[in-house]
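What follows is a short report on a single structure.
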Amino acid sequence: MFSRAALRSSAVNVSRSNGAALSLKARASTPLAANPCRTPFIDSLGARRYISVYGYTQAKALVYSKHGEPKDVLKLHKHSISAPHGTQVNLRLLTAPMNPADINQIQGVYPSKPDFDSSLGTGEPSAVAGNEGAFEVISIGSGVQNLNKGDWVIMKRTNQGTWRTHAQMDESQLIKIQNKEGLTPLQVGTVSVNPVTAYRMIKDFCEWDWLRAGEEWLIQNGANSGVGRAAIQLAREWGIKTLNVIRDRKTPEETESMKKELLDLGATAVITESELLSAEFKNTVKELTHEGKEPIRLALNCVGGKNATALAKVLAPGSHMVTYGAMSKQPVALPSGLLIFKNLAFDGFWVSKWGDKNPQLKENTIKDVLELTRAGKFKDIPSEDVKWSWDTQGPELTDSVQETLSGFRSGKGVLKFEGGDE
Ligand SMILES: NC(=O)c1ccc[n+]([C@@H]2O[C@H](COP(=O)([O-])OP(=O)(O)OC[C@H]3O[C@@H](n4cnc5c(N)ncnc54)[C@H](OP(=O)(O)O)[C@@H]3O)[C@@H](O)[C@H]2O)c1
């Protein structure tokens, strides 16, 4: 049906577990110029790096050893990483986004949680936060088959921990970006969660009638989110019209500006939550869909509450509503008639689980999105860089993490490593 679509546990050798590394730690206070054991060089990204004669790279990671608010539980932990051996690969962070799920995971309210362990030499067993990000390969073990220095990679699975300046992982835990030409670290570092979620929900929950391209609709809330923006652009490419709901901004001007932003991405129509919940909404839908001749066949819901109920009410009989988020923390309440008389189906989608079950399809989906990106058909998400250099202090990073769930941000917070290992 859709064929027409153009359509570690990384064995990090840590300072405390290794005599050589311990001595490296003791030297940390020695001025660099006077330190004969570290040789500065300029690497392929033009960044200054220091590696000990033992081949150890110094690294920092945002770790947590108990659940709670990020500002209370996240700590910046310094450690060292050995030279890779066998199929190991050493990586340097390029960018890593702060997604709502990452925060929920730190809070302990997300169903998937990374194991806490002592592999990074933390005082208490801990996990590295973050699930998504783009890394550059800086060195490879002798048994590595498919990766080379300079390649860009992303994590194959969730819970691998991406909020770290450097990592050592096994080659098998990584997806290589086959052709990084024309792509930016932001695009690569944010491709595997939100765009994949939007792509799969549109493709897998509705049998679109391709003979009616341009005459079928999807409706979604949270339309300005990363997932929402991806859904708008994919639907545009695939000939599906989109009715998009955003929250009212602080001023009418800001609301209009947000609407325009999404229309410029290819949204067919954008309305606010207050317009969605008004009596006028039925008429708006009638007008847009030519009295229902153009059916709304799919709803994507990441908000819940009354907002989700309003989306469901305008779906054509037999359609699906896919819930993938719960930003309002309100339950999805459904009038029984929608189930009895309209035979609507209500589904949930979780990209982590889907990706773990469908690794090859996940890679193919990522490849498709990156091709659209390279072709200029998939725009960057608005982002706020959170610069991370060797001197950046823990609270600067944890404050930015904490802001992630505050709402009304001008862009997704993205950690951008600018080091230089020291
Ligand atoms: N199930 C999955 O596999 C999956 C995958 C990816 C994402 N998600 C979920 O999808 C949602 C969006 O994620 P994202 O990374 O795309 O988000 P994002 O880019 O960080 O944007 C957050 C979105 O949530 C909205 N929002 C924040 N607080 C809200 C509230 N109280 N009520 C209604 N809307 C609110 C924001 O609207 P304003 O601009 O108005 O604040 C914005 O549209 C999250 O719930 C996330 O957990 C699920």
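Since every read-out is calculated from the coordinates, none of them should be taken as a lab result. Just so we're clear, the structure is a prediction, and the values are computed from it rather than from any experiment. Cβ sites come from the backbone with ideal geometry, for glycine too, and all protein chains shown count toward neighbours.
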Exercise. Please identify the GluC sites (Glu not before Pro) of segment 190-268 that satisfy two criteria: DSSP loop assignment and at most 12 other Cβ atoms within 10 Å. Which are they?
Worked result: E207
Exercise. Which percentage, to the nearest 5, of the DSSP beta bridges contained in the chain is antiparallel?
Worked result: 55 percent
Exercise. When the chain is fully extended, how far beyond the present Cα-Cα distance does H85 get from S274, taking 0.36 nm per residue of separation?
Worked result: 62.3 nm
Exercise. In percent, what relative contact order does segment 194-352 have, based on Cα pairs under 8 Å that are 6 or more apart in sequence?
Worked result: 22 percent
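So, counting K/R as plus one and D/E as minus one, what does the shell of residues with Cβ under 11 Å around A269 add up to?
0
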Problem set entry | Filter on K306/K357; K176/K203; K203/K259 - keep pairs with C-alpha separation over 28 Å | K306/K357
Problem set entry | Rough spin-label spacing in nm, given labels placed 7 Å along Cα→Cβ, for E253 and K113 | 4.7 nm
Problem set entry | Two-site label geometry, T284 and Q178: point separation in nm, points 7 Å out along Cα→Cβ | 4.2 nm
Problem set entry | Dipole in debye (nearest 20) - the chain, about Cα centre, beta carbon charges: Lys, Arg +1; Asp, Glu -1 | 600 debye
Exercise. Which of the pairs K329/K367; K156/K416; K75/K156 have their Cα atoms more than 29 Å apart in this structure?
Worked result: K329/K367
For this session: Only loop residues by DSSP count here, and only those with at most 16 other Cβ atoms within 10 Å; note down the trypsin sites (Lys or Arg not before Pro) in segment 157-229 that meet that.
Result: R157
Seminar exercise, completed: Per the helix-only model, the chain has a calculated mean residue ellipticity at 222 nm (DSSP H runs of ≥4, -39500 (n - 2.57) each, divided over all residues, rounded to the nearest 500) of -8000 deg cm²/dmol
Problem set entry | chymotrypsin sites (Phe, Trp or Tyr not before Pro) within segment 338-422: DSSP coil, no more than 10 neighbouring Cβ in 10 Å | F341, F408
Seminar exercise, completed: Scalar couplings 3J(HN,Hα) for segment 141-156 by Karplus 6.51 cos²θ - 1.76 cosθ + 1.60 (θ = phi - 60°), nearest whole Hz, x for Gly and Pro, are x, 5, x, 6, 9, 10, 10, 10, 4, x, 5, 9, 9, 10, 6, 6
Exercise. Which ordering of D102, D248, D115 is given by a fewest-first count of other beta-carbon atoms within 10 Å?
Worked result: D115, D248, D102
